[in-house]
1. Between Lys51 and Thr137, what is the spin-label point distance in nm, taking each point 7 Å from the Cα along the Cα→C-beta axis?
2. Taking 37 °C and 0.692 mPa s as the conditions, I'd like the Stokes-Einstein D for segment 43-213 in µm²/s, using the Kirkwood hydrodynamic radius from alpha carbon pairs.
3. When the chain is fully extended, how far beyond the present Cα-Cα distance does Leu160 get from Thr74, taking 0.36 nm per residue of separation?
4. Along the positive direction of the dipole of segment 43-213 (beta-carbon charges: Lys, Arg +1; Asp, Glu -1; about the Cα centre), which of Ser79, Gly187, Asn49 reaches farthest?
5. Using R₀ = 22 Å, calculate the FRET efficiency as 1/(1 + (r/R₀)^6) where r is the Cβ-Cβ separation of Ala168 and Met192; round to 0.05.
6. Rank-order 42-48, 56-62, 177-183 by packing density, defined as the average count of other C-beta atoms within 10 Å over each peptide's residues, highest first.
7. Tally Lys/Arg at +1 and Asp/Glu at -1 over every other residue whose Cβ is under 14 Å from the Cβ of Glu81; what's the total?
8. Would you order His91, His64, His176 from fewest to most other beta-carbon atoms within 10 Å of each residue's own beta-carbon?
Amino acid sequence: MRTDRQKSVAFTLIELLVTFGMIALLAALLVPALGRAKEKSRRISCTCNLKQTGLSSRLFANDHADLFPMGVSTNQGGSIEFLNSGEAFRHFRALSNQLSTTRVLVCPADTRKPALAFSVLSNTNVSYFLGLDADETMPQLWLAGDRNLATNGVPLLTGLVQLTPGAAVGWTRALHRGVGNVALSDGSVQGMTTAGLQAISGMGGTVTNRLAIP
């Protein structure tokens, strides 16, 4: 009797294999879904960072004759003297009174770490390029965006870059898997694919888009 009872409650080998197979199948279905949810969360946080940057830039402009930091002298709190340096962080540092924290300058999908303070900010603490030609009167100009840009499939390096209208600009897969976010001069933020990025690259109204890549 004891033997029969033990047999009745024991799993057979086939039942164990079926159970493990179902667990493996559920894991295979859940892991990609969790990964997509995490990536979506990162992109939303990145969008919020760029919205804060856009709002801070407009607040700065309200106090400086409608000019963003790159159009104002360092003597008045701007960063115009660094236009040709390619040091994106200097233009973001000029927004230190408007930005709440250095953390908003780092995309959550980036491996870079926020600076401990604006006084020690450097390019290595910034995830976003800075559009040097951004102007409140030209709302479609690029103000800032994810740094993982490429031209003709070649990732852009740190420094000053000039993009002509119609340039073969796109995203690498470094941050958001082939897509990215761009803040425009009007304060709006758009998430877009490479095709979308190319579509707006010549809409700003200037011959070139000058970007400081961190």
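Just so you know, all these numbers are worked out from the coordinates, no wet-lab data involved. Source: prediction; values computed, not measured. Cβ: placed from backbone, ideal geometry, glycine included. Neighbour counts: every protein chain shown.
1. 3.0 nm
2. 211 µm²/s
3. That works out to 29.0 nm of additional length.
4. Result: Asn49.
5. Working from the Cβ atoms, E equals 0.90.
6. The densest-packed peptide leads the list: 177-183, 56-62, 42-48.
7. +1
8. His64, His176, His91
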